[in-house]
Amino acid sequence: MNGISPKHRVLVTGGAGFLGSRLVSSLLRRGHEVIVLDNFCTSFPSSLAEFQDNPAFSFVQANVTEPLSDSLKVSRIYHLACPASPVLFTQQPLEILDTCYQGTRNILEAAHRWGARVLLASTSEVYGQAERNPQDEKYRGNVNCFGPRACYDEGKRVAEALAYAYRTQRSLEIRIARIFNTYGPGMHASDGRVVCSFVGAAIEGKDLIIKGDGKSTRCFQFVDDCITGLESLMESNWSGGPVNIGSEKETTVYELAEAVINAVSALTGRPKARIVYSEALPDDPVQRRPNCTLARKILGWEARTPLSEGLSHTIDWHLNLYFIRDYRIKLVN
């Protein structure tokens, strides 16, 4: 970010989640007053524990599908609330769609009343089973609206459409970040996304299960790079459309599994876990790679953390969790 930004009263929806809690930490360090709104449907109160004694932090337990009270009036809203784990796409599709549409509409209505600027956390999944490589923001996507991922993919697409409508009809200040495959400390193994699933399995000595042939690719972005991108976009003068926030370094799922196995073994001295294969998930994208030219041009931003470095930080965090768990078990026993 360029220069010193003014201090704001900021609302972070989904602020107890993986991205949200990391964003809250950064915003507080920068001197902003931060309100988190979360209902803990996919997160844990413990993720906010480090902020409890900070006078600039406050928490509201609520669901964004309910209208927001004007007592929360802020000048900036980061709208991150939405279950993003593939595990939940078939378990809670209606709740996800409600969050994407009604939750986003409630946020935009509140922002309109308050004169606030909104950053909508969208996703690379709006591109669907991409027929263009890499995916730039002008690509309109190839999404199945009648499939197991539709609640999330189409939900985020309608959230973007809502943001556009509020900008057009009500002159609301909108920023849209299409976030690509973010990972790092704070994402639990139970989340269901591939990096944390592999790390958790490797630490426990379980098989790493690759769904499909392992040749599918992703561009894995370390969480701190993503947070810098979100804050830069929020405080930019950009008044155009969505902006890709991601790494452009492509990695196959097999290469990721190998990297995780080798890193965990090197850090722990344990035998290397095995890789096994299972049936591919329906509609799971074969290739996901952003074109981040726009982010470099308008924000001066790009993802900089190498996968090896990011994995090391992530594995350290998971190992610490297992150490704490095992220590507590010993105390109880």
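The values are calculated or read from the model by the stated rules, or taken from the named source; none is laboratory data. It should be emphasised that the depicted structure is a prediction, and the values quoted were computed from it without experimental measurement. Cβ atoms come from the backbone with ideal geometry, glycine included; neighbour counts cover every protein chain shown. For accessibility, only protein heavy atoms count, side chains too; no ligands or nucleic acids. Shrake-Rupley method; radii C 1.70, N 1.55, O 1.52, S 1.80 Å.
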- Of the candidates Ala273, Ala295, Ala280, Ala303, the one satisfying the condition of being farther than 13 Å from Glu248 by Cα, among the small types (Gly, Ala, Ser) and either within 21 Å of the chain's Cα centre (by Cα) or open to solvent by less than 50 Å² (accessible area, probe 1.4 Å) (or both) is Ala273
- Task: With the condition kept exactly as written, say whether any residue in the stretch 170-177 is under 23 Å from Leu94 (Cα atoms), aliphatic (A, V, I, L, M) and surrounded by fewer than 23 Cβ atoms within 10 Å (Cβ to Cβ).
- Result: no
- Message: Can you find, within the stretch 214-257, the residue that is surrounded by the most Cβ atoms within 10 Å (Cβ to Cβ) among those that are of a type in the set (Ser, Thr, Tyr) and under 26 Å from Ser21 (Cβ atoms)?
- Response: Ser247
- For the stretch 250-266, name all the residues that are in contact (Cβ under 8 Å) with a residue 40 or more places away in the chain and touching a Ser or Thr at 6+ places or on another chain (Cβ under 8 Å). Thr251, Val253, Ala259, Ala263
- Ser190 vs (1) outside any helix (DSSP H, G or I); (2) modelled with pLDDT under 95: all pass except (1)
- Task: Would you check if there is a residue in the stretch 106-122 being more than 17 Å from Asp38 (Cβ to Cβ), open to solvent by 50 Å² or more (accessible area, probe 1.4 Å), out of contact with any strand residue (DSSP E or B) (no Cβ under 9 Å at 6 or more places or on another chain) and not in a helix (DSSP H, G or I)?
- Result: yes
- Residue within the stretch 35-45 that is open to solvent by 10 Å² or more (accessible area, probe 1.4 Å), at pLDDT below 95, more than 19 Å from Leu120 (Cα to Cα) and in a helix (DSSP H, G or I) present: yes
- Message: Considering only residues that are closer than 19 Å to Asn181 by Cβ and either in a loop (DSSP other than H, G, I, E, B) or among the aliphatic types (A, V, I, L, M) (or both), which ones fall in the stretch 60-91?
- Response: Leu80, Cys82, Pro83, Ala84, Ser85, Val87, Leu88
- Message: Between a residue in the stretch 291-307 that is of a type in the set (Phe, Trp, Tyr) and any residue that is open to solvent by 30 Å² or more (accessible area, probe 1.4 Å), which pairs come within a Cβ distance under 8 Å, given they are 6 or more apart or on different chains?
- Response: Trp301/Thr228
- Message: Just to be sure I understand the filter: pairs with C-beta atoms under 6 Å, separated by 6 or more residues or on different chains, first member in the stretch 200-225 and farther than 16 Å from Arg274 by Cα, second member in a helix (DSSP H, G or I). Which pairs pass?
- Response: Ser216/Val253; Phe220/Leu307; Phe222/Gly310; Val223/Arg22
- Item | Top-ranked residue in the stretch 17-31 [being without any contact (Cβ under 8 Å) to a residue 40 or more places away in the chain and touching a strand residue (DSSP E or B) at 6+ places or on another chain (Cβ under 8 Å); ranked as surrounded by the fewest Cβ atoms within 10 Å (Cβ to Cβ)] | Leu28
- Message: Could you go through the stretch 131-140 and let me know if any residue there is surrounded by fewer than 19 Cβ atoms within 10 Å (Cβ to Cβ), within 24 Å of Phe222 (Cβ to Cβ) and modelled with pLDDT under 95.
- Response: yes
- Item | The listed residue being in a helix (DSSP H, G or I) and open to solvent by less than 20 Å² (accessible area, probe 1.4 Å), out of Val158, Val195 | Val195
